[in-house]
Amino acid sequence: MALRLNRRVAAIKPSATMAAEARAIELRLQGVDIISLAAGEPDFDTPERIKNAARRALEAGMTKYTPTSGTRQIKEAIQSKLKSENNLEYDLTEIVASAGGKQAAANVIGTLFDEGDEVIIPTPAWVSYSAMVALSGATPKLAATREEDGFLLSAEGLRRALTPKTRGIIINSPSNPTGAVYDADQLRALSEVVLEAGLWLISDDVYEHMVYDGVAPHPIAANPRLKEQGIIVNSLSKTYAMTGWRIGFAAGPRELMNAMARLQGQNSGNPSSISQAAAVEALTGPKDELVTMMEEFRARRSFVVERVRSLPGFALAQMPKGSFYVFPKVSALFGLKWKGGVLQSGDDVADLLLSEARVALVGGIDFGFPEYVRISYANSMANLKAAFDRIESALRALGAR
C-alpha cells in the first residue's frame, strides 16, 4: 500500500539545528573528528544539587503518572519563579508543565491558532516556530528585521505586518539565533500595537537569564495590560543545563491553559515525574551555577566575536547581548567555487565548513536569513579555538579574502 502522510506533516522540513547536530554525530561515529558549533545546548553538566533531587525522587518511588499539567510542587515552584524573577503573578491553574519548552510552545500554538489565522514571527527566528504554526493549520507571517536595527522588530514594523487575519505574534528575547534583546521601551511600544490589534503575544523566555548586561525586560511585565492576551513559554534546558531532562512550562489565561492541558493529555500526558522533581530543586535552589556558567559564556562571547570578525568573508556588526550564539553575514563568500559548484547561501557555507574544516554550523535559510550562518559558543574554549583555526584555514584555502 502506498504511504500517504498527513499533508501538514508531509510539508514539514526537519529541524535545521537538529539536522546539523545529527550530521555531526553521524560523522563522529564514522571516525571523523568533528567540532560542533551547531547545537543550542550548554556544554556544562546539570548541577549536582538537581541530580540529587532526582535521585531522592527515585528512592521515594516517584515513578508513576502525575497530573497531566504537572504536580502541585512544580507549579508552585514555577509560580514562585514568575513572581520573584519576572514580577508576574499567576494562579496555579494558569500554569502547565510540559516535556520541554518546545512541547509547551507547540501545545500553546496548537491550542490557540487555526486555519485562516496568521501568526507574525519576527525573523531571524528559531527554526521551529514556523513549523509549529503550520502544524496548527495557521500561516506563519515572517516579518524580517534589519541588522542595522539590531535584528529587533519595531512597533511600526509590526503594524506593517498586520492583516485582517493576524491573530498572534511570537517574541523571543534574548533571541535565538541573533542574541538580540529588546529593551523595556521597545517592548512597551510593541505591546501597544498588540493591544490595539487584539493579538495574542507568545513570549519565549528560554534564554531570559542569558544576558550579558543587566536583565532582559519581560514583555508582560513591561505592560501588565498584556497579561490577559499574553502567554509565557519557558524551559529549564538552557538556564540549568537540563536539555535532556525535557522539562518546560507555559503560563497564561486559565481558559487557555485548561485547553492546552487537554491537548497535552491526549498527545503525551504528564512530563517525566523525575524531571519534575528535579525541576523543583532547580527553580527554588541557589543560582550559583548560573553565575559561573554566564561568566564562562561572557569570555567565550568575546573570543568568538573577535575571531568571527577576523575571518575572511564573515561580517558581524552587532555584539550579541544575550543567549550563546552569533549570527554573522557570509554573503561576501558567495560566488566562490567549491566542489564543482558555487557558494550561494549560508547553508552552502555550512556544508563547506563541515566538509573541509570538520566544523558544524547551521546555515541561515531556515532562520529566514539565507545570507547568514548561526554559530553556537556552547562549547569549550579549547574546542572553540580549534574550530576557528580550522574555519580560517579552510576559508583561506578556498581563496576567501
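The values are calculated or read from the model by the stated rules, or taken from the named source; none is laboratory data. These numbers come from a predicted model, not from an experiment. Using ideal geometry, Cβ is built from the backbone for each residue, glycine included, and neighbour counts are taken over all protein chains shown.
What are the pairs, 6+ residues apart or on separate chains, where a residue within segment 243-264 that is farther than 29 Å from Pro42 by Cα has its Cβ under 9 Å from a residue that is in a strand (DSSP E or B) and among the aromatic types (Phe, Trp, Tyr)?
Leu256/Trp200
When you check Pro177 against the structure, is it farther than 30 Å from Arg72 by Cα, in the same structural domain as Ala261 (by TED's automatic domain parsing) and assigned to a strand (DSSP E or B), yes or no?
So Pro177 does not fit the description; no.
Can you tell me which residue in segment 317-333 is nearest to Pro217 (Cα to Cα), limited to those that are surrounded by fewer than 21 Cβ atoms within 10 Å (Cβ to Cβ) and at pLDDT 95 or above?
Among residues in segment 317-333 that are surrounded by fewer than 21 Cβ atoms within 10 Å (Cβ to Cβ) and at pLDDT 95 or above, the one nearest to Pro217 (Cα to Cα) is Lys329.
Scan Lys64, Lys81, Lys51 and give me the residue that is among the charged types (D, E, K, R), touching a Leu at 6+ places or on another chain (Cβ under 7 Å) and either farther than 20 Å from Ile170 by Cα or outside the structural domain of Ala279 (by TED's automatic domain parsing) (or both).
Only one candidate passes the filter, namely Lys81.
Could you check Ile25 against (1) touching a residue at least 12 places away in the same chain (Cβ under 8 Å); (2) hydrophobic (A, V, I, L, M, F, W, C); (3) over 30 Å from Ala221 (Cβ atoms); (4) in a helix (DSSP H, G or I) and say which number it fails?
Single failed check for Ile25: (1).
When only residues in segment 320-360 that are assigned to a loop (DSSP other than H, G, I, E, B) and among the small types (Gly, Ala, Ser) count, which is nearest to Leu395 (Cα to Cα)?
Looking at the filtered set, the residue picked out is Ala357.
Among the candidates Glu76, Glu89, which residue alone is surrounded by 11 or more Cβ atoms within 10 Å (Cβ to Cβ), in a loop (DSSP other than H, G, I, E, B) and in the same structural domain as Ala134 (by TED's automatic domain parsing)?
Values: Glu76 fails: in a loop (DSSP other than H, G, I, E, B).
Checking each option against the conditions leaves just Glu89.
Touching a strand residue (DSSP E or B) at 6+ places or on another chain (Cβ under 9 Å), closer than 24 Å to Val211 by Cβ and either crowded, with 24+ Cβ neighbours inside 10 Å or outside the structural domain of Phe151 (by TED's automatic domain parsing) (or both): which single residue out of Val305, Val349 fits that description?
The conditions single out Val305.
Considering only residues of segment 1-22 that are of a type in the set (A, V, I, L, M) and assigned to a helix (DSSP H, G or I), which is farthest from Thr284 (Cα to Cα)?
Ala10
Out of Thr145, Thr166, Thr239, which single residue is touching a His at 6+ places or on another chain (Cβ under 6 Å) and touching a residue at least 12 places away in the same chain (Cβ under 8 Å)? Outline the logic, then answer.
Working: Thr145 fails: touching a His at 6+ places or on another chain (Cβ under 6 Å); Thr166 fails: touching a His at 6+ places or on another chain (Cβ under 6 Å).
Result of the check over Thr145, Thr166, Thr239: Thr239.
Could you figure out which of (1) under 30 Å from Ser80 (Cβ atoms); (2) without any contact (Cβ under 8 Å) to a residue 40 or more places away in the chain; (3) of a type in the set (A, V, I, L, M, F, W, C) isn't true of Val305?
(1)
Just to be sure I understand, how many residues within segment 196-255 are surrounded by 19 or more Cβ atoms within 10 Å (Cβ to Cβ), in a loop (DSSP other than H, G, I, E, B) and over 19 Å from the mean Cα position of the chain (by Cα)?
So the count comes out to 3.
In segment 361-394, how many are part of a helix (DSSP H, G or I), closer than 15 Å to Val308 by Cα and either β-branched (Val, Ile, Thr) or not assigned by TED's automatic domain parsing to the domain that holds Met294 (or both)?
Just the residues of segment 361-394 that are part of a helix (DSSP H, G or I), to begin with: 365-367, 381-394.
Next cut, closer than 15 Å to Val308 by Cα only: 381, 383-394.
If we keep only those that are either β-branched (Val, Ile, Thr) or not assigned by TED's automatic domain parsing to the domain that holds Met294 (or both) too, we end up with 391.
The qualifying residues number 1.
Got a sec? Which strands (runs of 3 or more DSSP E) wholly within segment 98-172 have at least 1 residues that are modelled with pLDDT of 95 or more and among the small types (Gly, Ala, Ser)?
Numbers: elements: 118-123, 139-144, 166-172.
Counting at least 1 such residues, we get 139-144, 166-172.
Determine the pairs where a residue that is under 21 Å from Leu37 (Cα atoms), located within segment 328-354, has a partner that is polar (S, T, N, Q) and assigned to a loop (DSSP other than H, G, I, E, B) with Cβ atoms under 9 Å apart, the partner being 6 or more residues away or on another chain.
Pairs found: Val330/Ser345; Ser331/Ser345.
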